[in-house]
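The values are calculated or read from the model by the stated rules, or taken from the named source; none is laboratory data. Just so you know, these numbers come straight off a predicted model, no measurement behind them. Here the Cβ positions follow ideal geometry from the backbone for every residue, glycine too, while neighbour counts run over all protein chains shown.
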Amino acid sequence: MKIFSLPETVAALLFDMDGTLYTHGEYARVQRELPLRRLAEKRGKTFAEMDGIVRRLGDEWEAGHGGKKASLGTIFEALGVSIAESAAWRGELYEPERYLVPDPALRLCLLALASRYALAVVTNNPVSIARRTLACLSVRDLFGVIVGLDTCLVSKPDRAPFLRAAELLGVSPSRCLSIGDRYDIDIAVPLELGMGGILVEGVEDLKGHLEPALAR
Ligand SMILES: [Mg+2]
């Protein structure tokens, strides 16, 4: 866990979902692969060809943006797939139920946090997948707000999803703390917005560590 900034007063925690509230290598791989396969089919290309195109575009974007990484949604947009379409594909293709199971230790950690802070999920997955993912982990009831790819129709690291979460929670950005596993996607922009930011390596980083870090 790396703390970049903590607000003077923390009122709300904005959690990234994938790679933050759960860690699952195979499901992460599948989440990239399935939309890529669909795009390859639609464009009459092999998976390997489309994979190469997406990697190259990602590298180009990174080179043109000071080394920052693009989300898959941003790369798909560059290939003519709108964010709305990306969100719909993910909603159809992803099956969190195949990979994720209840996480009692995560639930305990979030329960303690929910007694002191408002909790939101801000994810580049559609809201439907976020709901199903949180239900698999058995923590769905602890999040008052879910902002997904289809909420603002832009993907993180756009500032809109973070600001929307703060607005829906009724908390000013200066009292929000963003927690996620990718600096460029989850942390950099919240810091620009005056939020706090904590980078984690995975869900194990949260359990038993996040609450003490906030208690100071
Ligand atoms: Mg993530």
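Every residue, every condition in (1) at pLDDT below 95; (2) under 17 Å from residue 110 (Cβ atoms); (3) basic (Lys, Arg); (4) within 13 Å of the ligand (Cβ to nearest atom), yes or no:
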| site | (1), (2), (3), (4) |
| --- | --- |
| 143 | no, yes, no, no |
| 146 | no, yes, no, no |
| 154 | yes, no, no, no |
| 166 | no, no, no, no |
| 191 | no, no, no, no |
| 196 | no, no, no, no |
| 199 | no, no, no, yes |
| 207 | yes, yes, yes, no |
| 216 | yes, no, yes, no |
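Applying the criterion of being part of a helix (DSSP H, G or I) and within 13 Å of the ligand (Cβ to nearest atom) to the residues of the stretch 168-189, the residue that is nearest to residue 22 (Cα to Cα) is 186.
Considering only residues that are part of a loop (DSSP other than H, G, I, E, B) and either more than 16 Å from the ligand (Cβ to nearest atom) or of a type in the set (Phe, Trp, Tyr) (or both), which ones fall in the stretch 1-52? Before the answer, list the steps.
In the first step, residues of the stretch 1-52 are kept if they are part of a loop (DSSP other than H, G, I, E, B); the result is 1, 6-11, 16-17, 19-21, 23-24, 43-46.
Selection gives 6, 7, 8, 9, 10, 11, 43, 44, 45, 46.
Filtered by the rule that a residue be part of a helix (DSSP H, G or I) and crowded, with 24+ Cβ neighbours inside 10 Å, the stretch 111-133 gives 129, 130, 133.
The single residue among 101, 127 that is β-branched (Val, Ile, Thr) and over 14 Å from the mean Cα position of the chain (by Cα) turns out to be 101.
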